[in-house]
Ligand SMILES: CC(C)(COP(=O)(O)OP(=O)(O)OC[C@H]1O[C@@H](n2cnc3c(N)ncnc32)[C@H](O)[C@@H]1OP(=O)(O)O)[C@@H](O)C(=O)NCCC(=O)NCCS
């Protein structure tokens, strides 16, 4: 398995992957929207035997009162259902975080499974006084934690602004 930057030839496979991992087209459409409207987008795929088996996307988010801070949001990420729990997701997160750091992002925020992200150094954002400007939609149900997480380099006592893009 290797991780590499997504290319245009991967778009259809990335869409199919997100649809199958999330059993919905919401995240697949979010990827398409972010690719079209966000800048820069960090989009990385995991490839096995020339097939896309994982995908992760980071895009800029803003924090109120701190417009100059360079913060990225991690969303979404997905691994082919049959290949989950084999380390592909972890490889994508680690590769993505490195890339974000190289591009000068000081912190990464994510809405996601509370058991999953702490292993990469994420901590509850409430610890840094960061909240989220919108309620997590009910449709995300139990698997989504309504807390945000942030890499602890940046002590930010502010509100998170994100997902302003409409699907
Ligand atoms: C979440 C996801 C990307 C993880 O990818 P993965 O390749 O399975 O992850 P890894 O193999 O690197 O890590 C596996 C670990 O993550 C944990 N994990 C996987 N999915 C999890 C979930 N939904 N909730 C909590 N922990 C989860 C496993 O328990 C395992 O823990 P362990 O190492 O202690 O045994 C993948 O399960 C997926 O695509 N899920 C559906 C879409 C989704 O929920 N995306 C993430 C949104 S935050």
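Total residues in the range 64-110 satisfying the condition of being near the ligand (Cβ under 10 Å from one of its atoms), part of a strand (DSSP E or B) and within 12 Å of the chain's Cα centre (by Cα): the figure is 6.
Whether any residue in the range 54-62 is within 16 Å of the chain's Cα centre (by Cα), farther than 24 Å from residue 105 by Cβ and at pLDDT 90 or above is what I want to check. So far as the range 54-62 goes, no, none of its residues is within 16 Å of the chain's Cα centre (by Cα), farther than 24 Å from residue 105 by Cβ and at pLDDT 90 or above. The condition (being within 17 Å of the chain's Cα centre (by Cα), exposed (fewer than 15 other Cβ atoms within 10 Å of the Cβ) and either within 21 Å of residue 109 (Cβ to Cβ) or away from the ligand (no atom under 11 Å from the Cβ) (or both)) is satisfied by just one residue among 9, 37: 37. Number of residues in the range 40-73 that are free of Cβ contacts under 8 Å to residues at least 60 places away in the same chain and under 23 Å from residue 16 (Cα atoms): the value is 18. Residues considered: 48, 27. Of these, the only one that is more than 15 Å from the chain's Cα centre (by Cα) and within 16 Å of the ligand (Cβ to nearest atom) is 48. Scanning the range 6-63 for residues that are assigned to a helix (DSSP H, G or I) and under 18 Å from residue 103 (Cα atoms) yields 34, 35.
Whenever a residue of the range 86-97 is within 11 Å of residue 57 (Cα to Cα) and modelled with pLDDT under 95, its partners that are more than 6 Å from the ligand (Cβ to nearest atom) and assigned to a helix (DSSP H, G or I), lying with C-beta atoms within less than 9 angstrom and at least six residues away or across chains, give the pairs 93/117; 93/119; 93/120; 97/120.
The values are calculated or read from the model by the stated rules, or taken from the named source; none is laboratory data. Remember, predicted model here, so these are calculated numbers, not experimental data. Note that each Cβ is placed from the backbone with ideal geometry, even for glycine, and that neighbours are counted across all protein chains shown.
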